[in-house]
Amino acid sequence: MKKNPRCPFTVGDLSSPSLSSSSSLRPGHASMPLRLSLSLPLKISPLTLSNHHRLAAIKTQECSNQQWDEISCGGTSCDSFSSSSSNRGKEKEKICDAGWECSGSKYCCNETVSKFFQVYQFEQLFPKRNDDLLAHAQHFWDYHSFVTASSLFQPLGFGTTGAEKMQMKEVAAFLGHVGAKTTCGDMEVWAWGLCYNHEMSPSQRYCADDFKYPCVDGVEYYGRGAIPVYWNYNYGRIGDAFKVDLLHHPEYLERNATLAFMAAMWQWMTPVKKKQPSAHDVFVGNWKPTKNDTEEYRLPGFGATMNIMIGDLICGNGYIESMNNTISFYQHYLDLMGVGREHYGDNLDCAKQKAFNPSAPEHK
């Protein structure tokens with residue numbers, strides 16, 4: 001069976017005994033500990049993200065960008081490979097430390113996410129998520145979980161790439177996907193994002209043959225999380241990235257909001273296949289389309305994020321409702337964040353785009 005493998009970058013061993021719930025992310029800075037195992041039997045201790053984990057993630061991401069073909073996923077150090085001759089003699093890149101939220105990266109020289117996206121804005125974007133009558137994940141999602149999860153990806157450029165307007169636009173774009181995937185409202189639909197944390201009526205078990213990530217007896221791999229994760233192999237790969245056994249325990253994504261946001265951000269930041277861009281790449285301008293991409297209408301912008309995150313279920317089908325709804329969430333969030341929908345950028349839709357990774361028939 002043909003699948004769309006995701007290659008997780010390594011973030012270090014999060015189960016290190018040197019980490020504890022009381023440790024701060026950097027000495028001398030206010031701590032914001034991850035609440036990753038408050039009530040879950042996870043095989044990791046309560047943790048905070050240290051510089052070690054961030055730097056491991058950054059190093060592995062850099063490896064994949066430099067020599068993806070030669071490097072296998074999982075723990076390979078860039079130090080094992082010589083830099084290309086084109087990089088020799090270049091001035092050393094500036095690295096910044098912005099405290100617990102972002103450190104050890106050039107991206108940390110920009111504003112951190114919590115500086116331009118604050119609690120009141122999160123509440124404005126998701127005002128109905130705790131509704132007593134209709135919400136199905138009451139008091140699950142919160143700002144703290146979002147910004148804590150983002151601290152793992154900000155050193156990689158999530159919400160920290162470019163000038164402040166681009167940073168805000170990326171957060172709005174990412175949350176636009178989240179809102180569209182988790183809404184439950186019929187009226188004022190944009191107010192009902194984060195209404196769910198799991199699929200309510202799964203149509204199947206989402207179990208596929210996979211040598212590395214075989215299905216566990218009695219476990220169902222239906223959609224869970226802020227950007228729902230489906231299929232056993234995707235739970236396996238995302239679990240490997242964070243050293244959490246999601247293959248045996250996919251329910252962790254509907255029990256811990258920080259982990260759920262981390263899984264969503266991993267999908268946003270990670271290419272589906274080697275030599276392909278991530279949703280982050282196509283949005284912030286890191287990706288240059290090939291001639292073939294251009295001929296198939298794949299161009300940088302929000303439209304291409306839908307192509308990567310959703311594929312031919314939403315793209316290449318004209319101006320269908322599901323695509324228009326996702327765009328509407330993004331534009332609405334741009335307004336609420338003070339950017340304005342008129343600054344949505346180029347190539348807003350994917351109506352004519354051919355999918356990067358066409359779905360297998362059984363996945364449609």
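Only the coordinates and a few stated rules stand behind these numbers; no lab work does. Remember, it's a predicted structure, so these values are computed and weren't measured experimentally. Here the Cβ is made from the backbone with ideal geometry for all residues, glycine too, and neighbour counts use every protein chain on show.
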Looking at region 260-283, is at least one residue of a type in the set (S, T, Y) and in contact with a Leu (Cβ under 8 Å, 6 or more places away or on another chain)?
no
When the residues of region 251-305 are filtered to those that are more than 18 Å from K354 (Cα to Cα) and polar (S, T, N, Q), which remaining residue is surrounded by the fewest Cβ atoms within 10 Å (Cβ to Cβ)?
N286
When region 315-324 is examined, which residues are found to be crowded, with 18+ Cβ neighbours inside 10 Å and either in contact with a Pro (Cβ under 8 Å, 6 or more places away or on another chain) or in a helix (DSSP H, G or I) (or both)?
M323
Evaluate the following for D349: is it surrounded by 18 or more Cβ atoms within 10 Å (Cβ to Cβ) and either more than 19 Å from the chain's Cα centre (by Cα) or in a loop (DSSP other than H, G, I, E, B) (or both)?
yes
Would a scan of region 226-241 turn up a residue that is out of contact with any Phe, Trp or Tyr (no Cβ under 9 Å at 6 or more places or on another chain) and touching a residue at least 40 places away in the same chain (Cβ under 8 Å)?
no
If you go through D312, D240, the only one that is part of a helix (DSSP H, G or I), farther than 19 Å from S359 by Cβ and of a type in the set (D, E) is D240
Can you pull out the residues in region 251-306 that are of a type in the set (S, T, N, Q), within 17 Å of L175 (Cβ to Cβ) and in a helix (DSSP H, G or I)?
T258, Q267, T305
Over region 123-146, the set of residues exposed (fewer than 15 other Cβ atoms within 10 Å of the Cβ), of a type in the set (S, T, N, Q) and either touching a strand residue (DSSP E or B) at 6+ places or on another chain (Cβ under 7 Å) or closer than 23 Å to V171 by Cβ (or both) is Q124
Here are some residues: V219, V178, V244. Which one is under 22 Å from A304 (Cβ atoms) and of a type outside the set (D, E, K, R)?
V178
Listing of helices (runs of 4 or more DSSP H) fully contained in region 101-219 that carry 3 or more residues being of a type in the set (S, T, Y)
143-153
Would you check if A149 is hydrophobic (A, V, I, L, M, F, W, C) and either surrounded by fewer than 20 Cβ atoms within 10 Å (Cβ to Cβ) or without any contact (Cβ under 8 Å) to a residue 60 or more places away in the chain (or both)?
no
Yes/no for G311 being surrounded by fewer than 19 Cβ atoms within 10 Å (Cβ to Cβ), more than 18 Å from T183 (Cβ to Cβ) and among the small types (G, A, S):
no
